[in-house]
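Following: one structure in structure tokens, then a few remarks.
The values are calculated or read from the model by the stated rules, or taken from the named source; none is laboratory data. The model shown is predicted, which means the values in this text are computed figures rather than measured ones. Methodologically, a virtual Cβ is constructed for each residue, glycine included, from the backbone with ideal geometry; neighbour enumeration extends over all protein chains shown. Keep in mind that these areas ignore ligands, DNA and RNA; they rest on the heavy atoms of the full protein, side chains included. Shrake-Rupley method; radii C 1.70, N 1.55, O 1.52, S 1.80 Å.
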Amino acid sequence: MKLYYFSEMPHHEFPDAEGEQYPSLRLEFPNRFFDPERARANYQRYLDEYELADQVGFDGLMLNEHHSTPSCVNVGVNMSAAVLGRITKRAKILLLGNILPIEDNPVRLAEQIAMADLISGGRVLSGFVRGVGVETWWSNTNPVHNRERFEECHDLIVKCWTSPGPFRWEGRHYHFRHVNPWCLPLQKPHPPVWIPGTASPETAIWAGRRGYTYVPFLVPFDVARELFEFYRQGAAEAGRPVTPGNLGFLICAVTADTRARALEAGRHFVWRMGPTLRGPVEFFSPVGMRSRAGQRFAMRARPRSLASMSYEELVQEHFIIAGTPDEVADRFARVQRELGIGHLLLEAQESRMDHPTTMRSIELLGAKVIPAVAAL
Amino acid sequence: MRARETTVRVGGIDVHAWVGGRGEPVLVLHGAGGNRGWTRWVQQVAEHFTVWAPTHPGFGQSGDAEWMEGIDDLARFYLWFIDAAGLGRPHLIGHSIGGWTAAEMAAMSPRSIERLVLVAPVGLKPEDGEILDVFYYPPPRLLGMTVHDPRAIPEWDELFGRPPTPAQAEIAERNREMTARLTWKPYMHNPRLAHFLPRVTNPALIVWGREDRIVPAACGEQYRRLLPGARLAVLDGCGHLPPVEHPDAFARLVIDFLGGAPRP
């Protein structure tokens, strides 16, 4: 099983009491609390951590993108991918990902991902996501078009990568009279495509039909298994085999020299389960963004919100894994057995987890855990 | 005056409609909340006119129209509807997004309609203030912002007093989705509408609630300035739903403006 390192690049440098005065940390928490000096230092620090993760043997470095939120100030996944492409040497660079429905120019996106692939020497794994509702507000994209735009944007990007230009694109949401990008990916036919999922059966089926790698985020095991079944259904329709390499899973994880220290560090993940997801349902799921089927599945799939769970429960349910390297390796092996996955994505830094703690965790994961799970 | 429900097939879409009354035809276009049916003010107007109250495509019991992208599409559709239902040249009443639709119809084809009643219409960018982002708030909270004083609303209990059934909740969600489809960006307005309206010389009545917290009441003045044949009536103690909040006063305004006398 392959391990991937991931940080949301949080900006948690404000008093929590300030944030609590607003309906949500997303969209509403005023950016006067953004501290450019701290952010400058944070970017350096987060990039150092990614660099170390590459050096100690992580199979991949995952990046994501959000907007208008202190929970993630990686506001340009392709920008950070280009930087990692230059400062790291061997790990895959997993973009998970570009938020397709909010993009107005898929051709530019195809070029940027290609450029990151070229700079990194062909290491890009190109994840495509539908985004949470917050990004729909941020970009003022009509939520009822979310899935249509996701699919059309995807189709145009793949065509940019695989069909010789120039060509014309006249779709429903995208219109380009002259497509001929002079920047194409190194990997052929194109960088592997990854798709995350939390609740949409349609997305799992869609990814399965195309043989893309599918990765549920922070859901209970039984929900992940159900989503994988939808994925297999799509794959079967297209006559595609499903191997562990098609399936991934994302959890939060940290290790340390002692169990007590790891458990203390793991508490930083609670911020991303509750406070950063607090807000009206309209912020995260604006009207029309989810299909009725997706809504029904989501209602069933999340009988309890992550925010309502205590730290101990989050650990018990494998949303957070924190312990000594041996304990962490055991738990990762359990996740692998439960789900049959080939890729485990570790959100391995969060909130105010400090640089030394993060670096030590990365070192230990590299030295003791990666070798222990590599053969699974 | 009793009403009947009917279905009119227009442009491949089955449109549900309430019809009733007697006299000249009046076409009533509902707001984002959906078709509230044969309510008190409609009953009063139907004493003098034949009221057609269709449910917009994508709303309530009408068919889907996922191809529509804006209120101008809905306006074209209702010009077809006038022909399909054989309404001749009806008076036109529109509330909120229905008012915007009515204004677009008048701009597209002023001779297709007689008199125009715009009730708290969106459609123009406010010169002052902003149109409330109705998609940003949970529906119960939004309802509280939509009306001025629930206690003063005679039909409150029957319209809003009971928790929705699952079927009603499904329809409310569908109504919101279609509203988003039609009005998301530019939000609730057409930047070109102000250039169209001066060509509309039909007699027009604009009705606004002085305490409207959804669309600034000052927009009523903007509409009045842009429409050469318009006058503006502002109701005190009234929010964004004049036909529901003050049904009797609203019906009186409409009947007087449309000049309706009972027909034999």
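Annotations
To keep it simple, each residue is scored yes or no on (1) over 20 Å from the mean Cα position of the chain (by Cα); (2) modelled with pLDDT under 95; (3) part of a helix (DSSP H, G or I); (4) within 30 Å of A:Glu282 (Cβ to Cβ).
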position: A:Arg40; (1), (2), (3), (4): yes, no, yes, no
position: A:Gln55; (1), (2), (3), (4): yes, no, yes, no
position: A:Ser80; (1), (2), (3), (4): no, no, yes, yes
position: A:Leu95; (1), (2), (3), (4): no, no, no, yes
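- Subset of the range B:211-256 (residues that are among the small types (Gly, Ala, Ser), in contact with a Ser or Thr (Cβ under 9 Å, 6 or more places away or on another chain) and farther than 20 Å from B:Gly33 by Cβ): B:Gly229
- Failed criterion for A:Arg296 (all others in (1) in a helix (DSSP H, G or I); (2) touching a residue at least 12 places away in the same chain (Cβ under 8 Å); (3) open to solvent by 10 Å² or more (accessible area, probe 1.4 Å); (4) within 14 Å of chain B (Cβ to nearest Cβ) hold): (2)
- Here the helices (runs of 4 or more DSSP H) wholly within the range A:302-376 that include at least 2 residues being surrounded by fewer than 19 Cβ atoms within 10 Å (Cβ to Cβ) and touching a helix residue (DSSP H, G or I) at 6+ places or on another chain (Cβ under 8 Å) are A:325-339, A:355-364.
- Selection count, the range A:258-286, where residues are within 14 Å of chain B (Cβ to nearest Cβ), touching a residue at least 24 places away in the same chain (Cβ under 8 Å) and open to solvent by 10 Å² or more (accessible area, probe 1.4 Å): 5
The rows are residues; the columns are (1) under 27 Å from A:Ala374 (Cα atoms); (2) crowded, with 19+ Cβ neighbours inside 10 Å.
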residue: A:Pro23; (1), (2): no, no
residue: A:Asp35; (1), (2): no, no
residue: A:Ile93; (1), (2): yes, yes
residue: A:Pro101; (1), (2): no, yes
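- Residue in the range A:171-190 that is under 23 Å from A:His66 (Cβ atoms) and within 22 Å of the chain's Cα centre (by Cα) present: no
- Subset of the range A:116-144 that is under 28 Å from A:Ile87 (Cα atoms) and of a type in the set (Val, Ile, Thr) - its residue that is surrounded by the fewest Cβ atoms within 10 Å (Cβ to Cβ): A:Ile119
- Test result for A:Pro371, more than 20 Å from the chain's Cα centre (by Cα), under 21 Å from A:Arg267 (Cβ atoms) and not small (Gly, Ala, Ser): no
- With a requirement of 3 or more residues that are open to solvent by less than 20 Å² (accessible area, probe 1.4 Å), the strands (runs of 3 or more DSSP E) lying completely within the range B:1-61 that satisfy it span B:13-21, B:25-29, B:50-54.
Condition check ((1) surrounded by 18 or more Cβ atoms within 10 Å (Cβ to Cβ); (2) under 29 Å from A:Ala322 (Cα atoms); (3) at pLDDT 95 or above) across all residues:
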| position | (1), (2), (3) |
| --- | --- |
| A:Pro201 | yes, no, no |
| A:Ala207 | yes, no, yes |
| A:Leu218 | yes, yes, no |
| A:Arg240 | no, no, yes |
| A:Thr243 | no, yes, yes |
| A:Ala253 | yes, yes, yes |
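- Flag for A:Arg149 being assigned to a helix (DSSP H, G or I) and open to solvent by 10 Å² or more (accessible area, probe 1.4 Å): yes
- Hey, B:Pro110 within 14 Å of chain A (Cβ to nearest Cβ), out of contact with any Ser or Thr (no Cβ under 6 Å at 6 or more places or on another chain) and surrounded by fewer than 18 Cβ atoms within 10 Å (Cβ to Cβ) or not: no
- Checked against (1) part of a helix (DSSP H, G or I); (2) touching a Phe, Trp or Tyr at 6+ places or on another chain (Cβ under 9 Å); (3) open to solvent by 10 Å² or more (accessible area, probe 1.4 Å), A:His66 passes all but condition (1).
- Of B:Glu127, B:Glu104, all but one fail to be surrounded by fewer than 24 Cβ atoms within 10 Å (Cβ to Cβ) and either modelled with pLDDT of 95 or more or within 14 Å of another protein chain (Cβ to nearest Cβ) (or both); the exception is B:Glu127.
- Within the range B:86-98, considering residues that are open to solvent by 20 Å² or more (accessible area, probe 1.4 Å) and in contact (Cβ under 8 Å) with a residue 12 or more places away in the chain, the one farthest from the chain's Cα centre (by Cα): B:Gly88
- Those residues of the range B:162-197 which are more than 14 Å from every other protein chain (Cβ to nearest Cβ) and within 28 Å of A:Arg296 (Cβ to Cβ), in sequence order: B:Arg162, B:Pro163, B:Pro164, B:Thr165, B:Gln168
- Taken across the range A:120-134, residues that are more than 14 Å from chain B (Cβ to nearest Cβ), in contact with a helix residue (DSSP H, G or I) (Cβ under 6 Å, 6 or more places away or on another chain), in contact (Cβ under 8 Å) with a residue 12 or more places away in the chain and in a helix (DSSP H, G or I) do not occur at all.
- Hey, A:Ala110 under 18 Å from the mean Cα position of the chain (by Cα), assigned to a helix (DSSP H, G or I), more than 14 Å from chain B (Cβ to nearest Cβ) and crowded, with 22+ Cβ neighbours inside 10 Å or not: no
- Of the residues making up the range B:67-80, those that are in contact with an Asp or Glu (Cβ under 9 Å, 6 or more places away or on another chain), under 21 Å from B:Ile171 (Cβ atoms) and surrounded by fewer than 21 Cβ atoms within 10 Å (Cβ to Cβ) number 1.
- Filter pass, A:Gly165 being surrounded by fewer than 18 Cβ atoms within 10 Å (Cβ to Cβ), without any contact (Cβ under 8 Å) to a residue 60 or more places away in the chain, away from every other protein chain (no Cβ under 14 Å) and not hydroxyl-bearing (Ser, Thr, Tyr): yes
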